[in-house]
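Q: Submitted below is the structure of interest, expressed as structure tokens.
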Amino acid sequence: MVFEFDNVVMSGANGTKRLSVANLRLPAGGMTVIVGPSGAGKSTLLRLCNRLEVPVEGIVRFHGRSLTDIGVLQLRRAVGMVFQEPVRFAGTVFDNLREADPDLDVAAAAILLQRVGLDPSFVDRTADELSGGEAQRMCIARALVTDPEALLMDEPTSSLDPSATRTIENQALALTAAGMPILWVTHDTAQMNRIASHVVCLINGRVAYEGTAAGLMASDEPGIAAYLAEQPS
Amino acid sequence: MTTADVTTVGLIASLLLVAVAITLSASQRLGLERDIIWATVRSLVQLLFVGAILAFVIDPEQPLILSWGWVIAMVAFAGVVVRRRTPEIPALLPLGLLAIGAAAGVTLVVVFGLGVFPLEGRTLVPLAGMMIGNSMNATVLAARRVVDEFREHRAEVEARLALGQSSSQASRRHLRSALRTALTPQIETTKAVGLVFLPGAMTGLILAGVDPIEAVRVQAAIMYLILGSVATTATVMTLGVGKRLFTTDHRLIDLPRPAERS
């Protein structure tokens, strides 16, 4: 198991429960897609995995170890994260990659860029000049600099056009094929159907379903059915 | 030596200008008449009150400890003002007191240690007041700027944290930018001094009949002290607030926007 959640509770600013996960085990390989309507707690679940947020109750484990027993900076280097909007730091693509490791050399940067399907010539490009899709791939490369054991991707294609979306999906699938477990958050079940090897559906802060994508689509549980009914066909 | 004695009649005459402001507010329907009257009355009462106490405190017959007590009260008051203007930041009062107190302490040691001014109640209280007042403004500006900077650039800060950077690494460039913003007004003021406006102390001295060259010397010393104390407080404050916005395990705390004021 890459991540395990035991009786994890997150509360909102006004004391309401944002997330309550009694028992969740996420497999150590493949593409685990976390779906659900907006506000269901998908991003919160992801941010618990690299301690950008901490639960008020319960334990989150990474490869069997409680996150509180792992140094937080070490944990974050072992669990890469890609955000919804590509975050460009000032400077070139190379400068961006070196934020994760100041000692990174050009040759290593070129290899990382190739892993996400960008030409090595991109190292000298200014990050601000990249298209949305290119910038998001740079962000994936940046997350790979620390040689993580797992990747968290929080709606990484929500600001991209369909073609760039497919490119990112394929790059992510290539990473999972090479042994990198990925947790991918999306509200889009069509995307889930394209990429998921395992599915977790959150509704109102609770795990409403865990299993295959086909199983979720066939579910007649009322909360899930209502969510699926909102999806564009 | 001609001195600018303001007679009671003169003071009343200056109120004519307040009447102009009230008339303008009424004719333009700004609705500020009551505020203007309240501000005028309040400032007069406050100044008379402070003047009466000050006359007692800085009286050469009184022990200097009274003046020091006044200085400490000013620091405390400034700390409370800073706390009130930046409610989002946890545990800010001690930091504000430390920053303002440190700047006031350092500058006063320089001023009196090096004999720039003689150590008396009538020099200590107004000089400390100027340091503390300017430091207070710089502190509020620095603290507000840091909060706004992190609020605007939350995604960037969290992206750096997610790469395994410590909170101090992830916040470095944002703190630098906030500090630059907080210090710029004082630097600009120092640059424009004399060309655009005559600063308060110098204006006061010249009005009181002091030779302008002497007034310039006093003003220059005060200005450099203010620049120094503003830079000190703004730096202490920026670094301190930067730390307080993160948890010990390198998470950026929630920075909810204060409710919109109508």
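The values are calculated or read from the model by the stated rules, or taken from the named source; none is laboratory data. Values in this document were obtained by computation on a predicted structure and should not be read as measured data. Heads up, the Cβs are rebuilt from the backbone with ideal geometry, glycines too, and the neighbour counts pull from every protein chain shown. For the accessible areas, the whole protein counts, side chains as well, though only heavy atoms, and no ligand, DNA or RNA atoms are used. Shrake-Rupley method; radii C 1.70, N 1.55, O 1.52, S 1.80 Å.
Q: Return the residue satisfying two criteria in turn: it lies in segment B:153-183 and is open to solvent by 10 Å² or more (accessible area, probe 1.4 Å) and away from chain A (no Cβ under 13 Å), and of such residues it is farthest from A:L97 (Cα to Cα).
A: So the residue we want is B:L183.
Q: Another one. Return the residue satisfying two criteria in turn: it lies in segment A:76-87 and is surrounded by fewer than 21 Cβ atoms within 10 Å (Cβ to Cβ) and more than 8 Å from every other protein chain (Cβ to nearest Cβ), and of such residues it is farthest from B:T247 (Cα to Cα).
A: So, considering only residues that are surrounded by fewer than 21 Cβ atoms within 10 Å (Cβ to Cβ) and more than 8 Å from every other protein chain (Cβ to nearest Cβ), the one farthest from B:T247 (Cα to Cα) is A:Q84.
Q: What are the residue pairs meeting all of these: first residue in segment B:91-116, first residue within 15 Å of B:A231 (Cα to Cα), second residue surrounded by fewer than 21 Cβ atoms within 10 Å (Cβ to Cβ) and of a type in the set (D, E, K, R), Cβ atoms under 9 Å, and 6 or more apart or on different chains?
A: These pairs meet every condition: B:G96/B:R83.
Q: Contact list please: Cβ distance under 7 Å, first residue in segment B:130-142 and more than 11 Å from B:G101 (Cα to Cα) and open to solvent by less than 30 Å² (accessible area, probe 1.4 Å), second residue assigned to a helix (DSSP H, G or I) and of a type in the set (S, T, Y), pairs at least six apart or on different chains.
A: Cβ pairs passing all conditions: B:A138/B:T233; B:T139/B:T233; B:A142/B:T238.
Q: Let me ask you something else. Being out of contact with any Ser or Thr (no Cβ under 9 Å at 6 or more places or on another chain) and of a type in the set (A, V, I, L, M, F, W, C) is the filter; apply it to segment B:96-107 and report the residue that is surrounded by the most Cβ atoms within 10 Å (Cβ to Cβ).
A: Here the residue is B:L97.
Q: Let me ask something additional. List, please: which pairs have Cβ atoms under 6 Å, are six or more places apart or on different chains, and start with a residue in segment B:37-50 that is assigned by TED's automatic domain parsing to the domain that holds B:A13 and end with one that is modelled with pLDDT of 90 or more?
A: Close Cβ pairs (under 6 Å, with a partner that is modelled with pLDDT of 90 or more) amount to B:T40/B:V18.
Q: Related question: Which numbered condition trips up A:G211, out of (1) at pLDDT 95 or above; (2) open to solvent by less than 10 Å² (accessible area, probe 1.4 Å)?
A: (2)
Q: In segment B:113-136, which residues are of a type outside the set (A, V, I, L, M) and within 20 Å of B:R244 (Cβ to Cβ)? Steps first, answer last, please.
A: As a first pass, look at segment B:113-136 and keep what is of a type outside the set (A, V, I, L, M): B:113, B:115, B:117-118, B:120-123, B:126, B:129, B:133-135.
Scanning segment B:113-136 gives a single hit, B:S135.
Q: Now for a different question. Applying the selection to segment A:49-69, what residues are away from chain B (no Cβ under 11 Å) and not small (G, A, S)?
A: Residues satisfying the conditions are A:P55, A:V56, A:E57, A:I59, A:V60, A:R61, A:F62, A:H63, A:R65, A:D69.
Q: How many residues does segment B:15-67 hold that are modelled with pLDDT under 90 and touching a Phe, Trp or Tyr at 6+ places or on another chain (Cβ under 9 Å)?
A: 5
Q: Taking segment B:213-262, which residues are without any contact (Cβ under 8 Å) to a residue 40 or more places away in the chain, in contact with a Pro (Cβ under 7 Å, 6 or more places away or on another chain) and not polar (S, T, N, Q)?
A: Listed by number, the list holds a single entry, B:M223.
Q: Output the residues belonging to segment A:119-133 that are open to solvent by less than 40 Å² (accessible area, probe 1.4 Å), assigned to a helix (DSSP H, G or I) and either under 13 Å from A:F94 (Cβ atoms) or without any contact (Cβ under 8 Å) to a residue 24 or more places away in the chain (or both). I'd like the intermediate steps shown before the answer.
A: Of segment A:119-133, the ones open to solvent by less than 40 Å² (accessible area, probe 1.4 Å) are A:122-123, A:127, A:130, A:132-133.
Remaining after also requiring assigned to a helix (DSSP H, G or I): A:122-123, A:127, A:132-133.
Residues satisfying the conditions are A:F122, A:V123, A:A127.
Q: Further, regarding this structure: For segment B:52-65, give me each residue that is in a helix (DSSP H, G or I) and farther than 14 Å from B:T123 by Cβ. Step through it out loud before you land on a result.
A: Step one: list which residues in segment B:52-65 are in a helix (DSSP H, G or I), which gives B:52-57, B:64-65.
Once the filter is applied, which keeps residues that are in a helix (DSSP H, G or I) and farther than 14 Å from B:T123 by Cβ, segment B:52-65 yields B:A52, B:I53, B:A55, B:F56, B:I65.
Q: For the list (1) charged (D, E, K, R); (2) over 26 Å from B:G133 (Cα atoms); (3) surrounded by 10 or more Cβ atoms within 10 Å (Cβ to Cβ), I need the number of the one condition that B:E61 fails.
A: (3)
Q: Residues in segment A:65-98 that are in a strand (DSSP E or B) and among the acidic types (D, E): how many? Don't jump to the end; show me each part of the working.
A: Filtering segment A:65-98 down to residues in a strand (DSSP E or B) leaves A:65-66, A:79-82, A:92.
Add one more test, that the residue is among the acidic types (D, E), and what stays is none.
Residues in segment A:65-98 being in a strand (DSSP E or B) and among the acidic types (D, E): 0 in total.
Q: Among all residue pairs at least 6 apart or on different chains, which show Cβ distances below 6 Å where the first residue, located in segment A:31-56, is open to solvent by 40 Å² or more (accessible area, probe 1.4 Å) and the second is in a loop (DSSP other than H, G, I, E, B)?
A: Within 6 Å, the pairs are A:S38/A:H187.
Q: Exactly one condition in (1) more than 28 Å from A:V87 (Cβ to Cβ); (2) buried (at least 18 other Cβ atoms within 10 Å of the Cβ) is false for A:E221; which is it?
A: Every condition holds for A:E221 apart from (2).
Q: Working carefully through the options B:V210, B:V216, find the one that is assigned to a loop (DSSP other than H, G, I, E, B), out of contact with any strand residue (DSSP E or B) (no Cβ under 6 Å at 6 or more places or on another chain), among the β-branched types (V, I, T) and open to solvent by 20 Å² or more (accessible area, probe 1.4 Å). Let's see the steps before the verdict.
A: Working: B:V216 fails: assigned to a loop (DSSP other than H, G, I, E, B).
Selected residue: B:V210, the only one of B:V210, B:V216 that is assigned to a loop (DSSP other than H, G, I, E, B), out of contact with any strand residue (DSSP E or B) (no Cβ under 6 Å at 6 or more places or on another chain), among the β-branched types (V, I, T) and open to solvent by 20 Å² or more (accessible area, probe 1.4 Å).
Q: State which residue is most open to solvent (accessible area, probe 1.4 Å) when the search covers only segment B:243-256 and only residues that are under 13 Å from B:T86 (Cα atoms) and in contact with a Phe, Trp or Tyr (Cβ under 9 Å, 6 or more places away or on another chain).
A: That would be B:L255.
Q: Then there is this: Any residue that is at pLDDT below 90, in contact with a helix residue (DSSP H, G or I) (Cβ under 9 Å, 6 or more places away or on another chain), part of a helix (DSSP H, G or I) and assigned by TED's automatic domain parsing to the domain that holds B:A231 - is there at least one of those in segment B:68-82?
A: The initial filter retains those residues of segment B:68-82 that are at pLDDT below 90, namely B:81-82.
Adding the requirement that they be in contact with a helix residue (DSSP H, G or I) (Cβ under 9 Å, 6 or more places away or on another chain) leaves B:81-82.
So of that shortlist, the ones also part of a helix (DSSP H, G or I) come out as B:81-82.
Narrowing the set further to residues that are assigned by TED's automatic domain parsing to the domain that holds B:A231 leaves B:81-82.
There is at least one residue in segment B:68-82 that is at pLDDT below 90, in contact with a helix residue (DSSP H, G or I) (Cβ under 9 Å, 6 or more places away or on another chain), part of a helix (DSSP H, G or I) and assigned by TED's automatic domain parsing to the domain that holds B:A231.
Q: Continuing with the same structure: Do we find a residue being open to solvent by 30 Å² or more (accessible area, probe 1.4 Å), part of a helix (DSSP H, G or I) and aliphatic (A, V, I, L, M) anywhere in segment B:190-201?
A: No, because not a single residue in segment B:190-201 is open to solvent by 30 Å² or more (accessible area, probe 1.4 Å), part of a helix (DSSP H, G or I) and aliphatic (A, V, I, L, M).
Q: When you check A:E4 against the structure, is it assigned to a strand (DSSP E or B), open to solvent by 20 Å² or more (accessible area, probe 1.4 Å) and either more than 14 Å from every other protein chain (Cβ to nearest Cβ) or farther than 27 Å from B:T248 by Cβ (or both), yes or no?
A: On the way: assigned to a strand (DSSP E or B): yes; open to solvent by 20 Å² or more (accessible area, probe 1.4 Å): yes; either more than 14 Å from every other protein chain (Cβ to nearest Cβ) or farther than 27 Å from B:T248 by Cβ (or both): yes.
Yes.
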